[in-house]
Structure formats: structure tokens, C-alpha cells
Amino acid sequence: METADRHLLSTSVDPRLQRVQRHATEFHLLEQPEEWQTFEVFHQRRRGEHHVHVGSVHAPDAEMALVFAKEQFARRQQCASLWVVASAHIHSLGYQNEDMFATTTEKTYREASGYRLRHKIQAYKQSVQHESNS
Amino acid sequence: MYGGGYVFCEPDVHGQPDDPERLAEFEARIDRGEKIEPQDWMPYEYRRQLIRLIEQHAHSEIMGALPEGAWITRAPGFKRKLALIAKVQDEVGHAQLLYSAAETLGKSRADMVNDLLSGKSKYSNVFNYPAKTWADVTVIGFLIDAAAIVNQVANSKGSYGPYCRALERICYEESFHLKQGYDAFVALATGTKRQREMLQDAINRWYRPIIHFFGPPDNESVHSKQLMRWKVKMASNDEMRNQFLDAYVPKVLELGLTFPDPELRKDPQTGRWHYGDPDWAEFYRVINGDGPCNAERLSARRLAEENGRWIRQAIMNPQQKFTIPFA
Ligand SMILES: [Fe+2]
Ligand SMILES: [Fe+2]
């Protein structure tokens, strides 16, 4: 492998690889590669808006998680603030309880759109006008 | 960036059969156009194929950054250098987003990275070809990224929530890749005679890998129908290839450039593009390790892994345990 590697790198069109002088150690996979924690990232675009979940990063601690989050989620887009929280610290209701959000009960009394007045006012105005004409 | 050309694994006959009631519920959800989230029940094959697909997509982003990264120091002019650095950084960022999405399905990032380094995992074939001149970089930035967009836009309408969310962000960034690639491509196409020759040369070199990019024509197996039904596979390889040719062949031809394929033409009746035999045997040869740059790419990736080990170990907290990302 090693001799093959060296040969390859010196014939590469990549100048970075041409410069490499590899030592005669063989590449080996780590049996126990570095396992980092995951952190969920929340991004606030502008002051005054909510922080929105945008994804996750791997990091050894919260400080590094913020560095990676900045690089990953704030390098292009506008950003006012970032939060990270360890994925293990998220509590959720989970989808197995999803049906508790659904309801057969009429809920329009909770919503602004459930109160329609304009047609009543219109009808009232018309009837008043009708009366005054007759 | 990433192409089709993805070869789904054979169905696993040793897998546990799925609970028919839950399977029906799962399929009904997909039929309603709802997304599947990591905490949901999902069929064994759905999880297995998605891990492979997303992992391979992630590896392609990493390996795809290698041929272009090699040209950063030689990019002509400050503006092109800045654009190329930004693009390469985006591609590596895409890999991070995709690894996270794959992890929600239960395979750890360390395992994915090890499978890439050991040569077990595959990645997009197109990155096993060399970028010999600056013109190659403009062809990659324009045409390969354009092809990747066709594929990624299709996949972003799939059924798995975390993959779709990652792709949404990725597609947004890809539009800049395409634009900067087109800009550099047109600069050569409208430049001196020597520049045009250089560009034509690069197109000739990349034509076949580009045709290969979306993979061989799909088979009509029950297996691939199931993957379509589950919205893991969103369009056939031929459909995506046709969509790409339709949009981009005219953009190359209008600049007075040509493709090295006398059979390339659009059938006015069917609207389908016809192309000469692209030698699918070569496609399989390259994907199985015997392409012009497979060994070099893997070697470069291993070198980076070795060189970065000390710092990752220095900042590692040995008490830490991997946790599956939440969403
Ligand atoms: Fe890209
Ligand atoms: Fe990408």
C-alpha cells in the first residue's frame, strides 16, 4: 500500500499531493475512532425572531460545538445568535402521541378566523338603506 | 454534489419481515405526502437503503471536493480563488449535513468514515477522474454541479424528513456553485482561441463521465418499484439524465462548443435525448475501484485522516459517548 501510495501521490496532478513525502508507515484504521457527542443547533436570523432548529454538529464540548455551528450554519446566512444543546438533553412528546394534537372538536372559537362579521354588517347596512329608500 | 449512479443494495433476505399493520400505516403516511421522522417506525429495508444512499451521498461530497480543492492555489485571479474556496468549503459542509442525516437512522459517523477509508463504501464515480487543467474545473463547476442539482432537487422531495431538510439547504448553496461554474466556463468559451481549445478538450474528457453520472438505465425490478413507492428513489436514472441533457446541452452548443458523440441528439417526437453507447462496462469498472483516480482519491483522504488525528484526539473528551442526533 505504502509504495503504491507514494508512487500515486508523486504522479498526481494535485500539487498538494506532489509535495507530500509519506513516511513508511502504513495507514491503519482506528479500531475505536473518536466518538463525539452531537449537539442540536438553533439559529436566530435577526434580533426579534425565534431561534429555529437547523441541524446538528459533532463536537467534544459545547464550546467547540458553537465553533462548528458557526462555520456550518452561519457562514453564508445572516445570523444574530446561535444556540447549541446536547442532543441527549432534548425532551419531546414524540410521534407516537401525535393523535393527541388532532381533534374532532370544532376549534374555530379559538381562532381569529372563526369570527366573521363583515357579511352581517353588510346585510345590516343594506337593510337600513332599503328601509330609508322605501 | 452527487449523482445518481447509485446502485441500491440487493434486498436483505435475512432481514426480519415487517409487521404488516405498521407497514400499511407507514405506506399510508407516505401516500399522504407526509414525511417520515427518525423516531417513527420504519421498514427494515427502508432504513437500510436510506443509510446506504445518504452515506454514499455524504462521501461523494467529501471526495468531490478533492479534484477542485487541488486547483485553489492555481485558480486564475483573486475572485475565482475566493469563489472556489467558498465552493469547496460548501461541499465539505454538505458532507457534514448528510452524515448527520444518515446518523439519525442509527449508523455512527465514525463507522461511516471508517467504511470510506477502508474502501468498503462507494461514492460518486465521477470523482475518480482527474481534473487536468483549469478548464476541467470549469466543466465540473458548471456541468457536474448542474447534474448534481437535478438529482438533489429530485431527492429533496423524498419521504425521509432529515434528508429532505439537509437537501433543502444544500440545493440553496448549489445554485451558487452552478453560477460561478457557468461564469468561469463562459469566460473560457468567449476567450482566446487557446482558451476555447482548452475548454473543448475538457468537455471531450468529461462527456462520458457525465453521461455515466446518473447511472445505468434502471431495471424494472419489484425491488426498485418498492423504493420508488417509499420515495427513497424519486426518479429513474434515465429520467434525470434526460432532464439534465435537455437543460444543459443547448447551453454548451450555443457557445459553439461540441460534444464528442455524433449520436447525441434530441428526438423531436418523443422529446427524449439519444446518445451513443457510453460503455457501461467502464462505469462498473470504475465504481469497483479501477478508475484513473480511485487509489489517489482514497490515498488523499487517508492522508487527511492521519494528519488530523492528533488534533481530534487532543480535544477529545474520553468520557463522551456518541448520541444519535435528534432530528
Ligand atoms: Fe456543489
Ligand atoms: Fe454539494
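Annotations
- Expressed in units of 2.2 N^0.38 Å, where N is the residue count, the Cα radius of gyration of the range B:112-217 is 1.23.
- Relative contact order (%) - criterion: Cα under 8 Å, at least six apart; region: the range B:73-171: 27
- Per residue, the Cα convex hull of the range B:168-327 amounts to 219 Å³.
- Residue order, fewest to most surrounding Cβ atoms within 10 angstrom, among B:Val139, A:Val128, B:Val153: A:Val128, B:Val153, B:Val139
- Net charge dipole size for the protein assembly as shown [Lys, Arg +1 and Asp, Glu -1 on Cβ; Debye, nearest 20]: 1800
- Tail weight of P(r) past 33 Å, computed on alpha-carbon pairs of the range B:37-289, percent: 19
- Length-normalised contact order of chain B in % [C-alpha pairs under 8 Å, at least 6 apart]: 24
- Note on the protein assembly as shown: Cα Rg divided by 2.2 N^0.38 Å, N the number of residues, gives 1.15.
- Peptide A:118-128 - average C-beta neighbours from other chains (10 Å radius): 0
- Cβ crowding within 10 Å, taken as a proxy for footprinting-reagent exposure, orders B:Ile210, B:Ile72 from fewest neighbours to most as B:Ile72, B:Ile210.
- This model, with +1 at the C-beta of Lys and Arg and -1 at the C-beta of Asp and Glu, gives chain B a dipole about its Cα centre of some 1100 debye.
- Dimensionless Rg/Rh of the range A:35-133 - Kirkwood Rh, Rg from C-alpha atoms: 1.37
- Cross-link reach list, lysines versus B:Lys122, counting only Cα pairs under 22 Å and skipping chain neighbours closer than eight places: B:Lys107, B:Lys231, B:Lys233
- Residue pairs, from the table B:Lys87/B:Lys120; B:Lys35/B:Lys81; A:Lys120/B:Lys35; B:Lys87/B:Lys266; B:Lys120/B:Lys251, whose Cα atoms sit over 30 Å apart: B:Lys35/B:Lys81; A:Lys120/B:Lys35; B:Lys87/B:Lys266; B:Lys120/B:Lys251
- Using Cβ point charges alone (K and R +1, D and E -1), the dipole size of the range B:241-327 about the Cα centre works out to roughly 620 debye.
- Among B:Gly308, B:Leu178, B:Leu253 the positive-end extreme of the charge dipole of the range B:178-327 (Cβ point charges): B:Gly308
- The order of B:Ser121, A:Ser132, going from fewest to most other C-beta atoms within 10 Å of their C-beta, is A:Ser132, B:Ser121.
- Residue by residue along A:58-66, Cβ atoms of other protein chains within 10 Å of the local Cβ number 3 on average.
None of the figures in this text is laboratory data; all of them are computed from the coordinates on show. Please read these numbers as outputs of a predicted model, since none were measured by experiment. Here the Cβ is made from the backbone with ideal geometry for all residues, glycine too, and neighbour counts use every protein chain on show.
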